[in-house]
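Below: one structure, written as structure tokens.
The values are calculated or read from the model by the stated rules, or taken from the named source; none is laboratory data. What you are looking at is a predicted structure, and each value in this text was computed from that prediction instead of being measured. Counting neighbours? That spans all protein chains shown, and the Cβs are built from the backbone with ideal geometry, glycine included. When the accessible area is computed, the model is the full protein with side chains, heavy atoms only, and any ligands, DNA or RNA have been set aside. Shrake-Rupley method; radii C 1.70, N 1.55, O 1.52, S 1.80 Å.
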Amino acid sequence: MKKVLWTIVVLVLLALGFGFKYLIDRAPIFTGYAAKEVASTLFVDGRDFESVKENDINFSLIPLSDIRVDSAEKAVYTNFIGFAKQKAVWREGLGCALIADGDEEYARSMKTTVKPLPENPEEVLWPTGDKMRDTLLSRVDYAKMRAAIDSALNEGRTRAVVVAVDTLVMFEKYADGFDKDTRILGWSMTKSITSALTGILVKAGKLDIDKPAPVEEWKNDRRKEITLNNLLHMTSGLRWTEDYGDISEATIMLYEKGNIGGYAISVPAEFPPDSVWYYSSGTTNIISLIIRRIIGDDQAYWDFPRKALFNKIGMRSAIIETDAAGNFVGSSYIQATPRDYARFGLLYLQNGIWGKDTILPQGWVDYTREEAPGSQGKYGAQFWLNKSGSELPDAPRDIYYCDGFNGQRIYIVPSKRLVIVRMGLSKHGEFDYNKFVTSILDAVN
């Protein structure tokens with residue numbers, strides 16, 4: 001009997017020890033997520049800490065994090081019973097950076113020198129500014145449109161809906177606690193922004209998507225065959241697991257590394273380029289680091305998104321946050337208002353042209369919509385496609401879209417001359433995107 005009891009005690013102790021080790025090994029994921037998310041929602045988005053705790057970080061193991069906010073320092077500290085200590089800090093114009101294993105002093109020294117335009121948005125007509133026209137469009141059923149938007153606001157913790165019809169009329173509605181000036185993290189919609197920035201450099205003749213990616217670290221091994229086109233299509237063949245519930249390349253990159261681009265570049269090749277498609281945030285951060293190296297000057301790099309894109313189309317609120325090493329987190333950290341996300345969609349609806357300014361190279365939007373090899377009609381060049389109808393089975397197949405964690409979407413609908421933005425906090429199955437989009441489309445002839 002004593003032997004049996006002793007065996008049970010040993011097994012219980014082993015189980016407890018294994019469980020504790022399991023948590024310690026994974027603690028950087030949830031403490032890193034908590035530090036970065038709380039810092040950004042407080043210092044960039046202007047949200048309330050209690051609301052953020054109750055809604056944005058109240059899932060998985062994240063509530064195990066001990067969180068301390070230093071408002072004077074504009075920093076957030078997290079840890080798990082003394083382990084996996086993390087810190088995120090704020091910088092003007094560049095949002096918040098998780099320090100991880102990076103240099104805090106350097107991270108805090110970064111800035112952007114370009115101010116947002118237009119300076120007086122209420123005096124500039126939509127879509128570049130916020131002055132709305134009195135235009136009534138006969139092809140829009142206003143009652144149906146309002147009903148569709150109201151329905152979306154009552155489902156899946158939707159935070160905002162913006163619908164832009166051509167460039168003339170815009171409809172919008174917000175949940176309590178959010179308004180037209182509230183930035184919302186777009187998560188992986190950032191990938192589409194990174195694709196646009198790549199296109200701008202292609203137009204300037206500084207990048208060629210069909211040539212081997214200009215990555216010095218790859219020149220002496222099989223990775224030298226990877227092109228920028230492979231990276232944009234996520235067919236690079238680089239080893240990658242996109243799993244945020246456990247230790248993976250994705251969580252190591254975002255929550256344990258101060259230099260995320262450097263980490264992503266370091267992973268080995270597993271397959272030949274173009275032989276297999278799989279989703280990889282690492283490839284997008286490699287593109288972001290390539291952009292930095294091509295520009296060649298850090299200040300010019302930090303100014304580049306605002307100077308080359310955001311200011312030109314009136315995205316006054318938009319900020320791409322950097323890592324501690326100064327690389328834009330091109331995979332995940334765009335902060336902007338829903339109106340600004342709609343403006344980005346309108347740029348693509350207009351084939352990369354804004355007014356008299358051709359921002360994206362000729363054919364870039366068509367290239368964006370080309371199916372990535374092996375993606376089964378689901379993915380283009382850092383945009384998702386509806387060719388397979390997997391998300392929107394009852395909507396037009398020409399729709400392509402930006403897709404971010406928790407239900408962030410920018411749907412571009414060329415056949416209806418529409419852009420539809422939906423921002424929310426929806427877990428899988430909590431929001432019916434197909435019903436939402438088709439109800440909006442039903443309101444437009």
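Annotations for the structure displayed:
- Region 276-351 pair-distance distribution - Cα-Cα, 10 Å bins, rounded %: 18, 45, 33, 4
- Along region 27-43 the Karplus relation, 6.51 cos²θ - 1.76 cosθ + 1.60 evaluated at θ = phi - 60°, assigns HN-Hα couplings of 4, x, 5, 7, 6, x, 4, 4, 4, 5, 5, 5, 4, 5, 5, 7, 8 Hz to successive residues, with x for each Gly and Pro.
- Computed on protein heavy atoms with a 1.4 Å probe, the accessible areas place Val267, Val124 in the order Val124, Val267, largest first.
- Highest-MSF residue in the chain out of Ala164, Ala147, Ala100 [GNM, Cα springs under 10 Å]: Ala147
- Entries in Lys74/Lys111; Lys173/Lys307; Lys53/Lys173 that, when Cα-Cα distance is taken, lie over 20 Å: Lys173/Lys307; Lys53/Lys173
- Glu216 accessible area, 1.4 Å probe, all protein chains in place, Å² to nearest 10: 120 Å²
- Which of Phe383, Phe171, Phe83 is most accessible, then next, and so on - probe 1.4 Å: Phe83, Phe171, Phe383
- For Ser317, nonlocal amide neighbours, meaning residues 5 or more places apart or on other chains whose placed amide H falls under 5 Å from its own, are Thr337.
- For Leu61, distant residues with modelled amide H under 5 Å away: none
- Average projected area [Cα convex hull, region 224-356], square nanometres: 9.2 nm²
- Selection from Ile319, Trp354, Ala213, by position along the positive dipole direction of the chain (Cβ): Ala213
- Computed over the chain: relative contact order in percent, which uses C-alpha pairs under 8 Å that are six or more apart: 19 percent
- Averaged over its residues, the chain has an accessible area of 42 Å² per residue, based on protein heavy atoms and a 1.4 Å probe.
- Expressed as a whole percent, the proportion of Cα-Cα pairs in region 165-254 lying more than 21 Å apart is 56%.
- P(r) for region 78-198, from all Cα pairs and a bin width of 5 Å, is 2, 7, 11, 13, 18, 15, 12, 8, 6, 4, 2, 1, 0 %, short bins first.
- Applying the Karplus relation 6.51 cos²θ - 1.76 cosθ + 1.60 with θ = phi - 60° to region 153-162 yields 3J(HN,Hα) values of 5, 9, 10, x, 6, 5, 9, 7, 9, 10 Hz, where x marks Gly and Pro.
- Across Lys224/Lys427; Lys180/Lys427; Lys144/Lys427; Lys144/Lys180; Lys211/Lys416, pairs whose alpha-carbon gap is larger than 30 Å: Lys224/Lys427; Lys211/Lys416
- Among (i) 27.0; (ii) 24.4; (iii) 20.4, the entry that matches mean projected area of the Cα convex hull in nm² as calculated here: (ii)
- Our coupling estimate for region 51-58, obtained by passing each phi through the Karplus curve with A = 6.51, B = -1.76, C = 1.60 and θ = phi - 60°, is 5, 5, 4, 6, 10, 7, 10, 9 Hz, Gly and Pro reported as x.
- For Tyr22, the accessible area of its heavy atoms, probed at 1.4 Å with every protein chain present, is near 90 square angstrom.
- Accessible area of Met423 in the full protein assembly, 1.4 Å probe (Å², nearest 10): 0 Å²
- Accessible area of region 384-445 belonging to carbon and sulfur atoms, whole % at 1.4 Å probe: 50 percent
- Within the accessible area of region 192-339, the carbon and sulfur atoms contribute 49%, probe 1.4 Å, all protein chains present.
- Low-density loop positions, trypsin sites (Lys or Arg not before Pro), region 234-295 - DSSP coil, at most 14 other Cβ in 10 Å: Arg239
- Taking N as the residue count of region 22-109, its C-alpha radius of gyration divided by 2.2 N^0.38 Å amounts to 1.02.
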